[in-house]
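The values are calculated or read from the model by the stated rules, or taken from the named source; none is laboratory data. Owing to the predicted nature of the structure, the values given are computational and were not obtained by experimental measurement. For neighbour counting, all protein chains shown are included, and Cβ atoms are generated from backbone atoms with ideal geometry for every residue, glycine included. Just the protein is used for accessible areas: all its heavy atoms, side chains included, with ligands, DNA and RNA removed. Shrake-Rupley method; radii C 1.70, N 1.55, O 1.52, S 1.80 Å.
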Amino acid sequence: MSAPPSTQSTTRGEDVDVARGYAGADAKEPERAVADDEVKHVHVGCLTRTVVRHPCLVMWALFALILGFTIVVAIVEIAPAQSVFEVLGFPSFSPKFEPVVLRGLGYGEVIEDGYDANADDRRGRRLQDDEDDDDEEEREFTLAGISLWYEDLAGDNLLTRENVLKMIDVENAILDNDWEKVCKLQYDENDKDSRCAQPLTILNYLHQNDKEHKELCKKGFCLVSKTVQDSCDGSFDSNGTTVSTGLSWGKYPCVSTAFDWRQGKLAPEEDWDKLLEDLLCDPGFNTKFLLDKNAEACEKPITTKFARARYDVGCPLKGYKTCSDRRAQQNGDLEGGFFFGRGDYGNNLLASLRTAVDEHSATPTDAYVTSTNPTGGRTINVFFESSLTGRQIDLGIITALFSLISLVLVFIYIWVNVGSLFLAVTGVFEILMSLPLAWFIWRVVLWQQLLDFFSVFLLPFLIICIGADDI
């Protein structure tokens with residue numbers, strides 16, 4: 001005889017049925033039996049069982065793995081390797097050392113050295129095996145640039161006398177700040193004398209001084225060679241016959257490469273179209289840089305809503321052999337900044353530009369929003385950028401401090417919510433360990449060369465938020 005229902009041995013299905021019976025009683029629903037084959041069984045995977053059984057072992061193993069990845073990616077950043085295989089000690093294909101590429105590099109060197117050598121020509125001795133001849137002239141190349149951007153907010157035309165006078169005031173802030181001591185130098189034909197190289201600015205074309213162009217050209221600072229300079233007087237004698245050339249000093253190509261626009265006189269505004277057409281538009285070299293895209297065709301009247309200017313600081317500085325010789329230290333000798341700046345030049349440059357820009361620009365130097373309309377009588381926007389001011393480094397450090405503050409606040413929030421200091425520390429540790437792992441995948445697995453500002457400083461914000469949400 002079978003036992004009564006109340007005395008039968010319980011099974012897993014009956015346990016579920018009893019539980020549902022209590023729920024049904026509360027909801028006043030009829031009880032129903034659940035067949036044993038209707039119960040869904042949860043199958044725990046091997047990885048989950050391993051983590052549950054050996055949590056400390058798994059944690060320390062992952063920590064050691066991530067630590068190893070971090071060491072590898074740090075070596076990749078430091079070592080001058082061409083691929084991940086070189087970092088690991090394996091030979092690999094590198095285009096830099098392929099015969100075809102080497103042949104092309106060698107051809108480039110020959111072209112670069114393709115001039116007559118003489119005892120006074122520093123460059124003419126470069127092909128000789130003498131390390132001393134590899135030294136570069138002081139400030140012969142570019143160490144850093146000082147860039148300016150202008151925008152007219154009132155009439156969509158910067159080329160008015162009022163606006164140009166504002167541009168003169170802003171660019172004088174650069175030139176009056178010991179410019180002759182740091183500027184990129186232009187050497188004469190014999191590499192004996194030097195002058196500050198001509199900056200790239202529209203003011204060069206609006207200031208006239210034909211006599212200064214001629215004198216500088218005669219001293220060796222000229223766009224054309226000495227054999228052509230005789231033609232710049234307008235004519236030359238050929239076997240007793242005067243031949244007209246149509247050229248004149250101060251007009252392309254009879255211009256100096258070391259002309260300082262401060263030595264010229266600002267031309268009348270009604271002559272600007274002609275000057276820009278002859279000096280800027282006809283050669284066409286700098287039209288795209290100096291004028292906006294709607295003015296590149298130089299249709300009269302020539303107008304431009306935007307304009308740019310660039311002043312180059314030279315290298316190697318005094319006491320250095322080449323631009324590559326301790327380049328970071330060369331930058332540091334000039335670079336300003338609140339945190340690590342040690343160069344007076346960068347701090348003085350920032351102070352001078354800040355004063356001039358805030359006087360004329362509708363968007364102040366420290367503004368967070370760009371003005372799109374005239375403000376307080378200021379009808380143009382002026383923006384500037386240079387690594388020598390130290391503003392980029394200061395901004396990076398401030399952003400890093402914000403990342404650290406956010407991490408502390410997230411840690412406190414997690415601690416308060418979970419009620420356990422140990423779990424909060426563990427959670428934040430896991431979040432931080434994802435950063436070197438991502439770094440390893442980016443640099444070693446994908447072999448990406450670029451780590452930009454967003455990756456270094458802003459990505460931790462996102463990882464902290466995403467990771468905290470899962471704890």
| task | For ASP469, tell me the accessible area in Å² from a 1.4 Å probe, rounded to the nearest 10. | result | 120
| said: Quick one: 3J(HN,Hα) in Hz for region 400-405, Karplus 6.51/-1.76/1.60 with θ = phi - 60°, rounded, Gly and Pro as x. | reply: 5, 5, 5, 4, 5, 5
| query | Points 7 angstrom from Cα along the Cβ direction at GLU270 and SER324: gap in nanometres? | reply | 5.7
| message | Suppose the chain between THR287 and GLU77 were pulled fully straight at 0.36 nm per residue; how much longer would it get relative to their current alpha carbon spacing? | response | 71.6 nm
| What does the accessible area per residue of region 177-324 come to in Å², with a 1.4 Å probe and no ligands, DNA or RNA counted? | 52
| query | Taking square-rooted eigenvalues a ≥ b ≥ c of the alpha carbon gyration tensor, is region 151-296 rounded, prolate or oblate, where a/c under 1.5 means rounded and, failing that, a/b exceeding b/c means prolate? | reply | oblate
| request: Once you have a ≥ b ≥ c as the square roots of the Cα gyration tensor eigenvalues for region 311-445, tell me rounded if a/c is under 1.5, and otherwise prolate or oblate according to whether a/b is larger than b/c. | output: oblate
| request: Before anything else, pin down the relative contact order of region 218-305: Cα pairs under 8 Å, at least 6 apart, normalised by residue count, whole percent. | output: 20
| said: List the lysines whose Cα sits under 29 Å from the Cα of LYS293, skipping any in the same chain fewer than 8 residues away. | reply: LYS166, LYS184, LYS251, LYS265, LYS274, LYS305
| field | Candidate residues TYR345, TYR368: accessible-area rank, largest first, probe 1.4 Å | value | TYR368, TYR345
| query | How about region 205-264: which trypsin sites (Lys or Arg not before Pro) there are in a DSSP loop, with at most 14 other Cβ atoms within 10 Å of their Cβ? | reply | LYS219
| Solvent-accessible surface ranking, highest first, for MET433, MET59 at 1.4 angstrom | MET59, MET433
| field | Rounded accessible area per residue of region 394-438, 1.4 Å, Å² | value | 61
| task | Could you please state how large a percent of the accessible area of region 315-467 is carbon and sulfur, counting protein chains only and using a 1.4 Å probe? | result | 69
